[in-house]
Amino acid sequence: MSLPALVNRDIIMIGIQPWDFEIGCNFKDMAFVIAKHNRVIYVNRPLDRVTAWRLPDDIKTQNRKQSIEKGEKVLEEVEKNLWVFNPQVMLESINWLNHGFIYRYFNKRNNRKQAAAIDKAMQSLGFKNPVLFIDNDFFNGLYLQNFLKVDCTVYYLRDFLLAQPYFSKHGTISEPELIKKVDLVVANSLYLTSYAKQYNPNSFYIGQGCGDLFFKPIAGETPKDLVNIKNPVIGYCGFLTSARLDIKLLGEIAKARPGWSLVLVGPEDDDFKKSELHVMPNIYFLGRKTEPELPAYVSRFDVCLNPQLINQLTIGNYPRKVDEYLALGKPVVATATETMEAFANCTYLCKDSDEYVLAIEKALEEDNAQKQQLRKEVAASHSWENSINLFYNAVASQKN
């Protein structure tokens, strides 16, 4: 087997989602694959003052404080060639400021503090001329390449964060600015690749992968909180947030088919907690599960759902969970979006609740071993190894 296009290099990965984030994330999965052929420092997002004050009991806050105050867990090797780094700095909380000179001054100051901490970690491990790989963080990543000696800078675009008010306040200026200044952009959907190309022609589609957990045989008994739920089970696994998921749609499906059991696995936002879904007799909220537990739940679903809203946040979003469903051979019924068109041959795509109900019925009737095998093959083609090879090729193309 030939070696990848990027090998024996030093990579600094700036994670917008920390290593100890409660649910799975792309950048963490990518770090494991990149570390097979390169040395990697995965940089956790530094603690800021407001987060430290508002969320003192959060495990992530406590972990960062341990690093800052006690020098614990600053640079940990979690796997061969892969280190997780907690910068020993406290950043100023500046999102409340209007965009202008004062905001930019403090944002640059935050970036400089973070860069100085990263430089120390690089020196301690002997990192030379690294690739700086920034995960969707156009705040803490905006000026890093100004303060670090790096060979090239890559921006990873996997979510259109500007659709969220918190990020749009400064991001409408900061993200295009960062996209323009980096050497190249890699994105996990064609929609986001097209968006990036408006500002940087060196923008490449690299797709994404599916976690290995979903390709492994499922052993053990049915999870206890699923045992007494009657079939057919129509399920969803993931963060239950009204910013991305259609609460009304789920209610309409449950009302249309009271004989179906709708099972929702994952943490809820406030809108979901207050929704009428909680009083419907055939909807079951099973709460947050650990990542290793999720395949056991999905494997017991008769049909899997991805009931997205269509908005700026979701329209170009790569449906990570759809690959996870397909990896277990499950029928998938999902909202039709531009990105989901790539899955049209192995999923059922819908525009409203009526189409959802009909598609779920069809999925239940048509499911067979041949279709299950096709779904598994589609998911296997969306491996992290394939995605990372496209990333390597994109970086190498800029160095030639």
When every residue in the range 1-41 that is under 19 Å from the mean Cα position of the chain (by Cα) and among the charged types (D, E, K, R) is compared, the one farthest from PHE160 (Cα to Cα) is ASP20
Meets criteria (surrounded by fewer than 18 Cβ atoms within 10 Å (Cβ to Cβ), more than 27 Å from SER189 (Cβ to Cβ) and in contact with a Phe, Trp or Tyr (Cβ under 7 Å, 6 or more places away or on another chain)) for ASN368: no
Filtered residues of the range 76-125 (kept if surrounded by fewer than 17 Cβ atoms within 10 Å (Cβ to Cβ) and among the aromatic types (Phe, Trp, Tyr)): TRP96, PHE101, TYR105, PHE106
Matching residues in the range 137-192 (of a type in the set (Val, Ile, Thr), part of a helix (DSSP H, G or I) and surrounded by 18 or more Cβ atoms within 10 Å (Cβ to Cβ)) number 1
Being of a type in the set (D, E, K, R), surrounded by 13 or more Cβ atoms within 10 Å (Cβ to Cβ) and more than 15 Å from LEU144 (Cβ to Cβ): is that true of LYS73 here? yes
When LYS224 is evaluated against the numbered criteria (1) over 25 Å from ARG375 (Cβ atoms); (2) touching a Pro at 6+ places or on another chain (Cβ under 9 Å); (3) at pLDDT below 95, which criterion, by number, is the only one it fails? (2)
Residue satisfying condition, being among the hydroxyl-bearing types (Ser, Thr, Tyr) and in contact (Cβ under 8 Å) with a residue 40 or more places away in the chain, within set TYR205, TYR143: TYR205
What helices (runs of 4 or more DSSP H) lie completely within the range 17-136 and have 1 or more residues being over 30 Å from ARG320 (Cβ atoms) and either in contact (Cβ under 8 Å) with a residue 12 or more places away in the chain or in contact with an Asp or Glu (Cβ under 9 Å, 6 or more places away or on another chain) (or both)? 49-54, 59-65, 101-125
Conditions (1) assigned to a helix (DSSP H, G or I); (2) farther than 21 Å from PRO307 by Cα; (3) outside the structural domain of ARG300 (by TED's automatic domain parsing): number failed by ASP225: (3)
Which pairs have Cβ atoms under 8 Å, sit 6 or more apart or on different chains, and link a residue in the range 336-347 that is closer than 22 Å to ASP367 by Cβ to one that is at pLDDT below 85 and buried (at least 21 other Cβ atoms within 10 Å of the Cβ)? MET340/PRO319; PHE343/PRO319
Can you tell me which residue among ALA363, ALA334 is out of contact with any helix residue (DSSP H, G or I) (no Cβ under 7 Å at 6 or more places or on another chain) and either in a loop (DSSP other than H, G, I, E, B) or surrounded by 15 or more Cβ atoms within 10 Å (Cβ to Cβ) (or both)? ALA363
Residue in the range 255-271 that is surrounded by fewer than 18 Cβ atoms within 10 Å (Cβ to Cβ), touching a residue at least 24 places away in the same chain (Cβ under 8 Å) and of a type in the set (A, V, I, L, M) present: yes
Is at least one residue of the range 299-310 surrounded by fewer than 21 Cβ atoms within 10 Å (Cβ to Cβ), out of contact with any helix residue (DSSP H, G or I) (no Cβ under 6 Å at 6 or more places or on another chain) and free of Cβ contacts under 8 Å to residues at least 60 places away in the same chain? yes
Considering each of LEU97, LEU82, LEU75 in turn, give the residue that is of a type in the set (A, V, I, L, M), over 26 Å from the mean Cα position of the chain (by Cα) and more than 21 Å from PRO56 (Cβ to Cβ). LEU97
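Find the residue count for the range 199-215, including only residues that are modelled with pLDDT under 80 and not in a helix (DSSP H, G or I).
Of the residues in that region, 1 qualify.
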Give ASN110, ASN129, ASN81 a once-over and let me know the one that is out of contact with any strand residue (DSSP E or B) (no Cβ under 6 Å at 6 or more places or on another chain) and either assigned by TED's automatic domain parsing to the domain that holds TYR205 or not polar (S, T, N, Q) (or both). ASN129
Just the residues that are over 24 Å from PRO295 (Cβ atoms) and among the polar types (S, T, N, Q), please, taken from the range 227-276. SER242, SER275
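The values are calculated or read from the model by the stated rules, or taken from the named source; none is laboratory data. This structure is a prediction, so every number in the text was calculated from the model and none was measured. Glycine gets a Cβ as well: all are built from the backbone with ideal geometry, and neighbour counts include every protein chain shown.
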